[in-house]
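K.L.:
Mind having a look at this structure? Questions to follow.
The values are calculated or read from the model by the stated rules, or taken from the named source; none is laboratory data. None of these values were measured; they are calculated from a predicted model. Cβ placement follows ideal geometry from the backbone for every residue including glycine, while neighbour counts extend to all protein chains displayed. Areas reflect the complete protein model, heavy atoms only, side chains present, ligands, DNA and RNA absent. Shrake-Rupley method; radii C 1.70, N 1.55, O 1.52, S 1.80 Å.
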Amino acid sequence: MQLRYNYRVYPDGGQCRALARAFGCARVVWNDCLRARREAHEAGLPYVTSGELSRRCITQAKRTSERAWLAEVSAVVLQQSLRDLDTAYKNFFDSMRGKRKGPRVAPPRFKSKKDGRQSVRLNTNAFSLRPDGSVYVAKVGDIKVRWSRPLPAAPTSLTVARDPCGRYFMSFVVDTEPDTLPVLDTEVGIDLGLSTFAVLSDGTRISSPKFLRRAEKKLKRLQRDLSRKAKGSKNRDKARIRVARQHARVADRRRDWHHKVSTRIIRDNQAVYVEDLAVSALARTRLAKSVRDAGWSAFVAMLEYKAAKHGRYFGKIGRFEPTSQVCSACGLKDGPKPLHVRQWTCKGCGAEHDRDDNASKNTLAAGRADRLNASQSAGRTRARVLAQRVEAGSHRDGRKAVVGVPRP
(Lines give C-alpha, C1' and ligand atoms only; values in the text may rest on other atoms or scores of the structure.)
Protein backbone atom coordinates (compact mmCIF):
# COMPACT_ATOMS: atom_id res chain seq x y z
CA MET A 1 0.00 0.00 0.00
CA GLN A 2 1.01 3.63 -0.41
CA LEU A 3 1.09 6.12 2.45
CA ARG A 4 1.56 9.87 2.49
CA TYR A 5 3.76 11.55 5.12
CA ASN A 6 3.64 15.32 5.67
CA TYR A 7 6.38 17.44 7.24
CA ARG A 8 6.87 21.10 7.97
CA VAL A 9 9.81 22.65 6.11
CA TYR A 10 11.67 25.92 6.62
CA PRO A 11 13.17 27.33 3.40
CA ASP A 12 15.35 30.43 3.62
CA GLY A 13 14.72 33.64 1.70
CA GLY A 14 16.37 32.54 -1.54
CA GLN A 15 14.66 29.17 -1.45
CA CYS A 16 11.27 30.83 -0.88
CA ARG A 17 11.82 32.93 -4.00
CA ALA A 18 12.86 29.83 -5.97
CA LEU A 19 9.77 27.97 -4.79
CA ALA A 20 7.62 30.97 -5.73
CA ARG A 21 9.07 30.78 -9.26
CA ALA A 22 8.33 27.05 -9.37
CA PHE A 23 4.74 27.63 -8.22
CA GLY A 24 4.27 30.34 -10.83
CA CYS A 25 5.78 28.36 -13.71
CA ALA A 26 3.70 25.28 -12.89
CA ARG A 27 0.60 27.46 -12.79
CA VAL A 28 1.42 29.09 -16.14
CA VAL A 29 1.98 25.72 -17.85
CA TRP A 30 -1.33 24.45 -16.44
CA ASN A 31 -3.20 27.53 -17.68
CA ASP A 32 -1.53 27.52 -21.12
CA CYS A 33 -2.32 23.84 -21.67
CA LEU A 34 -5.88 24.24 -20.42
CA ARG A 35 -6.41 27.26 -22.69
CA ALA A 36 -5.10 25.34 -25.69
CA ARG A 37 -7.53 22.49 -25.11
CA ARG A 38 -10.48 24.80 -24.53
CA GLU A 39 -9.77 26.77 -27.69
CA ALA A 40 -9.48 23.54 -29.69
CA HIS A 41 -12.79 22.32 -28.27
CA GLU A 42 -14.57 25.60 -29.08
CA ALA A 43 -13.18 25.52 -32.62
CA GLY A 44 -14.35 21.95 -33.16
CA LEU A 45 -10.81 20.61 -33.47
CA PRO A 46 -9.62 17.23 -32.14
CA TYR A 47 -8.56 16.84 -28.52
CA VAL A 48 -5.00 18.16 -28.09
CA THR A 49 -2.72 15.35 -26.93
CA SER A 50 -0.27 15.60 -24.05
CA GLY A 51 2.70 15.24 -26.40
CA GLU A 52 1.54 18.18 -28.49
CA LEU A 53 0.98 20.30 -25.38
CA SER A 54 4.41 19.40 -24.02
CA ARG A 55 6.04 20.44 -27.28
CA ARG A 56 4.01 23.63 -27.69
CA CYS A 57 3.59 24.94 -24.11
CA ILE A 58 6.88 23.79 -22.60
CA THR A 59 9.63 23.05 -25.12
CA GLN A 60 8.82 25.75 -27.67
CA ALA A 61 7.62 28.23 -25.06
CA LYS A 62 11.04 28.24 -23.40
CA ARG A 63 12.55 29.54 -26.65
CA THR A 64 10.28 32.58 -26.78
CA SER A 65 10.94 35.87 -25.04
CA GLU A 66 7.52 35.80 -23.31
CA ARG A 67 8.10 32.41 -21.66
CA ALA A 68 11.91 32.23 -21.45
CA TRP A 69 11.74 32.24 -17.65
CA LEU A 70 10.22 28.73 -17.71
CA ALA A 71 13.80 27.45 -18.03
CA GLU A 72 14.61 28.82 -14.56
CA VAL A 73 12.79 25.94 -12.85
CA SER A 74 13.18 22.18 -13.13
CA ALA A 75 11.60 20.62 -16.21
CA VAL A 76 10.09 17.96 -13.94
CA VAL A 77 7.88 20.62 -12.32
CA LEU A 78 6.47 21.62 -15.72
CA GLN A 79 5.92 18.06 -16.92
CA GLN A 80 4.20 17.09 -13.66
CA SER A 81 1.87 20.08 -14.02
CA LEU A 82 0.85 18.78 -17.45
CA ARG A 83 0.33 15.27 -16.03
CA ASP A 84 -1.87 16.71 -13.29
CA LEU A 85 -3.99 18.42 -15.95
CA ASP A 86 -4.34 15.10 -17.78
CA THR A 87 -5.48 13.48 -14.53
CA ALA A 88 -8.03 16.25 -13.97
CA TYR A 89 -9.44 15.75 -17.46
CA LYS A 90 -9.55 11.99 -16.99
CA ASN A 91 -11.47 12.36 -13.73
CA PHE A 92 -13.91 14.72 -15.44
CA PHE A 93 -14.50 12.40 -18.42
CA ASP A 94 -14.84 9.32 -16.17
CA SER A 95 -17.36 11.17 -14.03
CA MET A 96 -19.42 12.18 -17.06
CA ARG A 97 -19.42 8.60 -18.37
CA GLY A 98 -20.34 7.11 -15.01
CA LYS A 99 -17.00 5.32 -14.56
CA ARG A 100 -16.08 7.34 -11.47
CA LYS A 101 -17.98 6.95 -8.22
CA GLY A 102 -19.10 9.80 -6.02
CA PRO A 103 -20.33 13.29 -6.91
CA ARG A 104 -19.85 14.73 -10.38
CA VAL A 105 -16.39 16.14 -11.06
CA ALA A 106 -16.24 19.58 -12.65
CA PRO A 107 -13.93 20.27 -15.62
CA PRO A 108 -10.48 21.73 -14.85
CA ARG A 109 -10.40 25.44 -14.15
CA PHE A 110 -7.70 28.07 -14.53
CA LYS A 111 -5.38 28.59 -11.58
CA SER A 112 -4.73 32.00 -10.04
CA LYS A 113 -1.65 33.34 -8.30
CA LYS A 114 -4.07 34.58 -5.63
CA ASP A 115 -5.10 31.04 -4.69
CA GLY A 116 -4.40 30.40 -1.03
CA ARG A 117 -2.60 27.12 -1.60
CA GLN A 118 0.26 26.77 -4.10
CA SER A 119 2.07 23.49 -4.79
CA VAL A 120 4.39 21.65 -7.15
CA ARG A 121 4.84 17.90 -7.57
CA LEU A 122 8.17 16.17 -8.17
CA ASN A 123 9.35 12.65 -8.95
CA THR A 124 12.58 11.02 -7.83
CA ASN A 125 14.55 12.71 -10.63
CA ALA A 126 14.07 16.15 -9.05
CA PHE A 127 14.63 15.56 -5.32
CA SER A 128 16.78 13.51 -2.94
CA LEU A 129 17.24 13.04 0.81
CA ARG A 130 20.52 14.32 2.25
CA PRO A 131 22.47 12.58 5.05
CA ASP A 132 22.19 15.70 7.22
CA GLY A 133 18.37 15.48 7.20
CA SER A 134 17.68 18.12 4.56
CA VAL A 135 15.93 17.50 1.24
CA TYR A 136 17.46 18.62 -2.04
CA VAL A 137 14.98 20.01 -4.57
CA ALA A 138 16.19 20.67 -8.10
CA LYS A 139 16.96 24.36 -8.76
CA VAL A 140 15.89 25.23 -5.20
CA GLY A 141 18.59 23.73 -2.96
CA ASP A 142 18.77 21.85 0.31
CA ILE A 143 15.66 22.65 2.36
CA LYS A 144 15.55 22.17 6.11
CA VAL A 145 12.87 19.69 7.22
CA ARG A 146 11.44 19.10 10.66
CA TRP A 147 11.27 15.29 10.81
CA SER A 148 8.45 14.56 13.25
CA ARG A 149 8.76 10.83 12.42
CA PRO A 150 11.03 8.79 10.13
CA LEU A 151 9.98 7.66 6.69
CA PRO A 152 9.34 3.88 6.59
CA ALA A 153 10.78 3.57 3.08
CA ALA A 154 12.31 5.57 0.27
CA PRO A 155 9.77 8.07 -1.14
CA THR A 156 8.52 7.73 -4.71
CA SER A 157 7.20 11.27 -5.14
CA LEU A 158 7.23 14.63 -3.38
CA THR A 159 4.79 17.53 -3.20
CA VAL A 160 6.00 20.91 -1.93
CA ALA A 161 3.13 23.17 -0.86
CA ARG A 162 2.59 26.59 0.69
CA ASP A 163 -0.60 27.19 2.64
CA PRO A 164 -2.56 30.50 2.86
CA CYS A 165 -0.72 31.65 5.99
CA GLY A 166 2.73 31.22 4.40
CA ARG A 167 3.78 27.89 5.88
CA TYR A 168 5.66 25.36 3.73
CA PHE A 169 5.13 21.60 3.78
CA MET A 170 6.59 18.55 2.07
CA SER A 171 4.41 15.54 1.38
CA PHE A 172 6.17 12.24 0.60
CA VAL A 173 4.46 9.19 -0.91
CA VAL A 174 6.11 5.88 0.06
CA ASP A 175 5.41 2.22 -0.75
CA THR A 176 5.14 0.22 2.45
CA GLU A 177 3.59 -2.91 3.89
CA PRO A 178 0.49 -2.71 6.14
CA ASP A 179 1.28 -2.53 9.84
CA THR A 180 -1.14 -5.25 10.95
CA LEU A 181 -2.17 -5.13 14.61
CA PRO A 182 -3.03 -8.22 16.69
CA VAL A 183 -6.49 -9.63 16.05
CA LEU A 184 -9.16 -8.66 18.61
CA ASP A 185 -12.69 -9.92 19.24
CA THR A 186 -14.24 -6.49 19.79
CA GLU A 187 -16.40 -4.60 17.27
CA VAL A 188 -17.97 -1.20 17.63
CA GLY A 189 -20.65 0.90 15.98
CA ILE A 190 -20.32 4.70 15.99
CA ASP A 191 -23.08 7.30 15.96
CA LEU A 192 -21.73 10.75 15.08
CA GLY A 193 -23.35 13.90 16.43
CA LEU A 194 -22.82 17.57 17.20
CA SER A 195 -23.15 18.15 20.95
CA THR A 196 -21.60 14.73 21.55
CA PHE A 197 -19.12 14.08 18.75
CA ALA A 198 -19.37 10.28 18.84
CA VAL A 199 -21.25 7.67 20.84
CA LEU A 200 -19.85 4.14 20.67
CA SER A 201 -21.94 1.01 20.99
CA ASP A 202 -19.89 -0.02 24.04
CA GLY A 203 -21.19 3.02 25.93
CA THR A 204 -18.22 5.34 25.37
CA ARG A 205 -19.19 8.96 24.75
CA ILE A 206 -16.73 11.39 23.12
CA SER A 207 -17.54 15.05 23.70
CA SER A 208 -17.19 17.50 20.84
CA PRO A 209 -14.31 19.97 21.42
CA LYS A 210 -15.89 22.59 19.07
CA PHE A 211 -12.60 24.18 18.04
CA LEU A 212 -14.19 26.72 15.70
CA ARG A 213 -16.76 27.85 18.25
CA ARG A 214 -14.04 28.37 20.86
CA ALA A 215 -11.95 30.48 18.45
CA GLU A 216 -14.93 32.39 17.07
CA LYS A 217 -14.46 35.47 19.25
CA LYS A 218 -10.88 36.01 18.11
CA LEU A 219 -11.75 35.24 14.51
CA LYS A 220 -14.49 37.85 14.52
CA ARG A 221 -12.05 40.48 15.77
CA LEU A 222 -9.40 39.57 13.17
CA GLN A 223 -11.91 39.49 10.32
CA ARG A 224 -13.33 42.84 11.43
CA ASP A 225 -9.82 44.31 11.32
CA LEU A 226 -9.32 42.83 7.84
CA SER A 227 -12.52 44.40 6.52
CA ARG A 228 -11.33 47.87 7.60
CA LYS A 229 -8.07 47.72 5.64
CA ALA A 230 -7.85 49.31 2.21
CA LYS A 231 -7.85 46.83 -0.65
CA GLY A 232 -4.43 46.37 -2.21
CA SER A 233 -2.55 47.77 0.79
CA LYS A 234 0.23 46.00 2.65
CA ASN A 235 -1.71 46.30 5.90
CA ARG A 236 -4.53 44.33 4.32
CA ASP A 237 -2.08 41.57 3.35
CA LYS A 238 -0.81 41.44 6.94
CA ALA A 239 -4.36 41.29 8.29
CA ARG A 240 -5.25 38.52 5.81
CA ILE A 241 -2.28 36.46 6.99
CA ARG A 242 -3.36 36.90 10.63
CA VAL A 243 -6.83 35.60 9.77
CA ALA A 244 -5.36 32.68 7.81
CA ARG A 245 -3.09 31.75 10.70
CA GLN A 246 -5.98 31.66 13.12
CA HIS A 247 -7.98 29.44 10.78
CA ALA A 248 -4.92 27.21 10.38
CA ARG A 249 -4.63 26.85 14.16
CA VAL A 250 -8.26 25.75 14.35
CA ALA A 251 -7.79 23.24 11.52
CA ASP A 252 -4.55 21.88 13.01
CA ARG A 253 -6.13 21.35 16.42
CA ARG A 254 -9.13 19.62 14.91
CA ARG A 255 -6.94 17.38 12.71
CA ASP A 256 -4.68 16.44 15.63
CA TRP A 257 -7.68 15.55 17.79
CA HIS A 258 -9.24 13.50 14.96
CA HIS A 259 -6.01 11.55 14.58
CA LYS A 260 -5.80 10.72 18.27
CA VAL A 261 -9.44 9.62 18.56
CA SER A 262 -9.45 7.59 15.32
CA THR A 263 -6.19 5.85 16.21
CA ARG A 264 -7.55 4.85 19.62
CA ILE A 265 -10.75 3.45 18.10
CA ILE A 266 -8.88 1.45 15.44
CA ARG A 267 -6.42 0.00 17.95
CA ASP A 268 -9.13 -1.08 20.38
CA ASN A 269 -11.54 -2.71 17.90
CA GLN A 270 -11.25 -5.31 15.17
CA ALA A 271 -14.18 -3.90 13.18
CA VAL A 272 -15.61 -0.38 13.06
CA TYR A 273 -18.99 0.56 11.56
CA VAL A 274 -20.27 4.08 10.88
CA GLU A 275 -23.23 5.62 9.09
CA ASP A 276 -22.75 7.05 5.59
CA LEU A 277 -23.73 10.63 6.38
CA ALA A 278 -24.68 13.17 3.70
CA VAL A 279 -22.31 15.82 5.07
CA SER A 280 -22.50 18.08 1.99
CA ALA A 281 -26.30 18.22 2.32
CA LEU A 282 -26.20 18.83 6.08
CA ALA A 283 -23.71 21.65 5.47
CA ARG A 284 -26.42 23.55 3.60
CA THR A 285 -28.78 23.64 6.57
CA ARG A 286 -28.94 25.93 9.59
CA LEU A 287 -26.49 23.55 11.30
CA ALA A 288 -23.82 24.22 8.67
CA LYS A 289 -21.25 25.83 10.96
CA SER A 290 -21.55 23.09 13.59
CA VAL A 291 -21.33 20.37 10.93
CA ARG A 292 -18.17 21.87 9.46
CA ASP A 293 -16.73 22.37 12.93
CA ALA A 294 -17.23 18.68 13.74
CA GLY A 295 -15.35 17.52 10.64
CA TRP A 296 -17.19 14.21 10.20
CA SER A 297 -15.87 13.54 6.69
CA ALA A 298 -12.23 13.93 7.68
CA PHE A 299 -12.73 11.75 10.75
CA VAL A 300 -14.44 8.95 8.79
CA ALA A 301 -11.71 9.11 6.14
CA MET A 302 -9.09 8.66 8.87
CA LEU A 303 -10.92 5.63 10.24
CA GLU A 304 -11.08 4.12 6.77
CA TYR A 305 -7.42 4.44 5.85
CA LYS A 306 -6.17 3.48 9.32
CA ALA A 307 -8.31 0.35 9.20
CA ALA A 308 -6.65 -0.57 5.89
CA LYS A 309 -3.22 0.22 7.31
CA HIS A 310 -3.61 -1.81 10.51
CA GLY A 311 -5.59 -4.76 9.17
CA ARG A 312 -8.94 -3.79 10.68
CA TYR A 313 -12.37 -3.98 9.07
CA PHE A 314 -14.20 -0.75 8.28
CA GLY A 315 -17.80 -0.65 7.08
CA LYS A 316 -20.44 1.96 6.28
CA ILE A 317 -24.15 1.36 6.61
CA GLY A 318 -26.71 3.09 4.40
CA ARG A 319 -27.57 6.68 5.24
CA PHE A 320 -31.30 5.83 5.17
CA GLU A 321 -30.95 3.10 7.81
CA PRO A 322 -33.49 4.00 10.58
CA THR A 323 -30.99 3.73 13.43
CA SER A 324 -32.87 6.30 15.55
CA GLN A 325 -36.31 4.76 14.94
CA VAL A 326 -35.68 1.08 15.74
CA CYS A 327 -35.49 -0.34 19.26
CA SER A 328 -32.10 -2.02 19.70
CA ALA A 329 -33.62 -4.45 22.24
CA CYS A 330 -36.68 -5.87 20.41
CA GLY A 331 -36.30 -4.48 16.88
CA LEU A 332 -39.63 -2.61 16.81
CA LYS A 333 -39.66 0.38 14.47
CA ASP A 334 -41.13 3.17 16.56
CA GLY A 335 -41.26 5.88 13.87
CA PRO A 336 -39.28 9.10 13.28
CA LYS A 337 -38.50 11.43 16.15
CA PRO A 338 -37.55 15.14 16.11
CA LEU A 339 -34.02 16.10 17.09
CA HIS A 340 -35.04 17.51 20.46
CA VAL A 341 -36.19 14.04 21.61
CA ARG A 342 -33.10 12.56 23.25
CA GLN A 343 -34.80 9.92 25.44
CA TRP A 344 -37.67 7.64 24.45
CA THR A 345 -39.45 4.49 25.58
CA CYS A 346 -40.10 1.57 23.24
CA LYS A 347 -43.82 0.82 22.84
CA GLY A 348 -43.12 -2.86 22.29
CA CYS A 349 -40.82 -3.94 25.13
CA GLY A 350 -40.88 -0.81 27.31
CA ALA A 351 -37.09 -0.34 27.20
CA GLU A 352 -35.76 3.10 28.03
CA HIS A 353 -33.39 4.34 25.30
CA ASP A 354 -30.95 7.15 24.93
CA ARG A 355 -31.23 8.28 21.31
CA ASP A 356 -27.49 8.22 20.57
CA ASP A 357 -26.75 4.99 22.46
CA ASN A 358 -29.58 3.23 20.66
CA ALA A 359 -28.40 4.52 17.27
CA SER A 360 -24.83 3.29 17.87
CA LYS A 361 -26.09 -0.20 18.79
CA ASN A 362 -28.25 -0.31 15.66
CA THR A 363 -25.27 0.83 13.59
CA LEU A 364 -23.24 -2.07 14.95
CA ALA A 365 -26.02 -4.56 14.18
CA ALA A 366 -26.56 -3.21 10.65
CA GLY A 367 -22.84 -3.24 9.94
CA ARG A 368 -22.49 -6.83 11.08
CA ALA A 369 -25.46 -7.86 8.93
CA ASP A 370 -24.00 -6.17 5.83
CA ARG A 371 -20.65 -7.84 6.42
CA LEU A 372 -22.26 -11.27 6.92
CA ASN A 373 -24.40 -10.94 3.81
CA ALA A 374 -21.39 -9.93 1.71
CA SER A 375 -19.30 -12.89 2.92
CA GLN A 376 -22.14 -15.40 2.35
CA SER A 377 -22.83 -14.18 -1.18
CA ALA A 378 -19.17 -14.27 -2.22
CA GLY A 379 -18.69 -16.62 -5.16
CA ARG A 380 -22.43 -17.19 -5.71
CA THR A 381 -23.62 -13.76 -6.80
CA ARG A 382 -22.18 -10.71 -8.45
CA ALA A 383 -22.02 -8.85 -5.13
CA ARG A 384 -18.70 -7.31 -4.21
CA VAL A 385 -16.45 -9.45 -2.06
CA LEU A 386 -15.05 -7.59 0.92
CA ALA A 387 -11.25 -7.53 0.97
CA GLN A 388 -9.45 -9.71 3.49
CA ARG A 389 -7.09 -8.11 5.98
CA VAL A 390 -4.01 -9.04 3.96
CA GLU A 391 -5.58 -7.50 0.84
CA ALA A 392 -6.59 -4.18 2.35
CA GLY A 393 -5.23 -1.21 0.47
CA SER A 394 -5.22 -2.69 -3.05
CA HIS A 395 -7.70 -2.41 -5.91
CA ARG A 396 -8.93 -5.47 -7.75
CA ASP A 397 -7.41 -4.20 -11.00
CA GLY A 398 -3.93 -4.21 -9.48
CA ARG A 399 -3.61 -0.47 -8.90
CA LYS A 400 -2.35 0.56 -5.48
CA ALA A 401 -4.55 2.68 -3.27
CA VAL A 402 -3.07 5.89 -1.91
CA VAL A 403 -4.03 6.43 1.69
CA GLY A 404 -2.53 8.73 4.29
CA VAL A 405 -2.95 11.87 6.34
CA PRO A 406 -4.77 14.79 4.67
CA ARG A 407 -2.69 17.39 2.97
CA PRO A 408 -2.22 20.58 4.86
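K.L.:
Considering only Cα-Cα distances, which of the following residue pairs are longer than 28 Å: LYS316/LYS337; LYS234/LYS260; LYS238/LYS260; LYS114/LYS289; LYS309/LYS361; LYS113/LYS309?
P.N.:
Working: LYS316/LYS337 23 Å; LYS234/LYS260 39 Å; LYS238/LYS260 33 Å; LYS114/LYS289 25 Å; LYS309/LYS361 26 Å; LYS113/LYS309 37 Å.
Violating the 28 Å Cα-Cα cut-off are LYS234/LYS260; LYS238/LYS260; LYS113/LYS309.
K.L.:
So, one more: Please give the charge dipole size of segment 98-233, origin at the Cα centre, charges +1 on K and R Cβ atoms and -1 on D and E Cβ atoms. Round to the nearest 20 debye.
P.N.:
Dipole size: approximately 1660 debye.
K.L.:
Label 7 Å along Cα→Cβ of ASP86; segment 47-71 residues with amide nitrogen under 11 Å?
P.N.:
Counting only backbone N, you get 49-54.
K.L.:
Along the charge dipole of the chain, Cβ charges K/R +1 and D/E -1, which of PRO178, ILE190, SER208 sits furthest on the positive end?
P.N.:
My answer, from the dipole projection, is SER208.
K.L.:
Placing +1 on the Cβ of each Lys and Arg and -1 on the Cβ of each Asp and Glu in segment 87-132, which of GLN118, PRO103, ALA88 has its Cα farthest towards the positive end of the resulting dipole?
P.N.:
With unit charges placed on the Cβ atoms, the residue in question is PRO103.
K.L.:
Moving on to the next point. Output the lone cysteines of the chain: those with no second cysteine's C-beta under 4.7 Å from their C-beta.
P.N.:
Result for the chain is CYS16, CYS25, CYS33, CYS57, CYS165, no neighbouring Cys Cβ within the cutoff.
K.L.:
Something else about it: What label, among [x] 32, 24, 20; [y] 43, 27, 23; [z] 39, 28, 19, belongs to semi-axes √(5λ) of the Cα gyration tensor in Å computed from the structure on display?
P.N.:
Identified label for the calculated read-out: [y].
K.L.:
Then there is this: Would you work out which of GLY232, ALA251, PRO322 lies farthest towards the positive end of the dipole of segment 207-339? Charges go on Cβ: Lys and Arg +1, Asp and Glu -1.
P.N.:
GLY232
K.L.:
Here is a follow-up. Over segment 92-199, what percent of the accessible surface lies on carbon and sulfur atoms, probe 1.4 Å? Intermediate values should be presented prior to the final figure.
P.N.:
Working: 3130 of 6080 Å².
Summing carbon and sulfur atoms, their accessible area is 52 percent of the total for segment 92-199.
K.L.:
Keeping all protein chains in position, work out how much accessible area LEU303 exposes to a 1.4 Å probe, and write it in Å² to the nearest 10.
P.N.:
Answer for LEU303: close to 0 Å² accessible.
K.L.:
Give me the accessible area of LYS144, 1.4 Å probe, in Å² rounded to the nearest 10.
P.N.:
Estimated to the nearest 10 Å², LYS144 gives 140 Å².
K.L.:
Placing unit charges on C-beta atoms (Lys and Arg positive, Asp and Glu negative, everything else neutral), compute the dipole magnitude of segment 143-220 about its Cα centre in debye, rounded to 20.
P.N.:
Values: 12 positive and 9 negative charges, 224 e Å.
Dipole size: approximately 1080 debye.
K.L.:
A follow-up question, please. Please determine, in degrees from 0 to 90 and to the nearest 10, the orientation of helix 234-268 with respect to the longest principal axis defined by the Cα atoms of the chain, where the helix direction is its Cα long axis.
P.N.:
Tilt relative to the chain: about 40 degrees.
K.L.:
Roughly how big is the chain's charge dipole about its Cα centre, with Cβ charges of +1 (Lys, Arg) and -1 (Asp, Glu), in debye to the nearest 20?
P.N.:
On the way: 83 positive and 40 negative charges, 442 e Å.
Roughly 2120 debye for the chain.
K.L.:
Taking K and R as +1 and D and E as -1, what net charge do the other residues with C-beta under 14 Å from the C-beta of THR49 add up to?
P.N.:
Numbers: positive: ARG37, ARG55, ARG56, ARG83, LYS90; negative: GLU52, ASP86.
My count for the surroundings of THR49 gives +3.
K.L.:
Just tell me which aspartates and glutamates come within less than 19 Å, Cα to Cα, of LYS139; anything on the same chain fewer than 8 places away is out.
P.N.:
Excluding near neighbours in sequence, the set is ASP12, GLU72.
K.L.:
Enter the accessible area per residue of segment 218-264 (Å², integer; probe 1.4 Å; all protein chains in place). Could the numbers behind the result be given before it?
P.N.:
Working: 3200 Å² over 47 residues.
Per residue, segment 218-264 has 68 Å² of solvent-accessible surface.
K.L.:
Using the basic label-point model (7 angstrom from Cα toward the beta carbon), what is the ARG55 to HIS340 distance in nanometres?
P.N.:
Those two pseudo-labels are separated by 7.1 nm.
K.L.:
Kindly sort LEU184, LEU219 by accessible area of their heavy atoms, largest first, with the probe set to 1.4 Å. Don't skip to the end; give the middle numbers.
P.N.:
Details: LEU184 65, LEU219 10 Å².
Listed by decreasing accessible area, they come as LEU184, LEU219.
K.L.:
Among all the aspartates and glutamates, which ones have a C-alpha under 19 Å from LYS217's C-alpha, if same-chain residues fewer than 8 places away are not counted?
P.N.:
Within reach: ASP225, ASP252, ASP293.
K.L.:
So how tilted is helix 75-97 from the main axis of the chain? Cα-based, degrees 0 to 90, rounded to 10.
P.N.:
40 degrees
K.L.:
If you don't mind, there's one more thing I want to ask. Report for the chain the percent antiparallel among DSSP-assigned beta bridges with both residues inside it, nearest 5. Could the numbers behind the result be given before it?
P.N.:
On the way: 41 of 53 bridges.
Among the beta bridges of the chain, antiparallel pairing accounts for roughly 75 percent.
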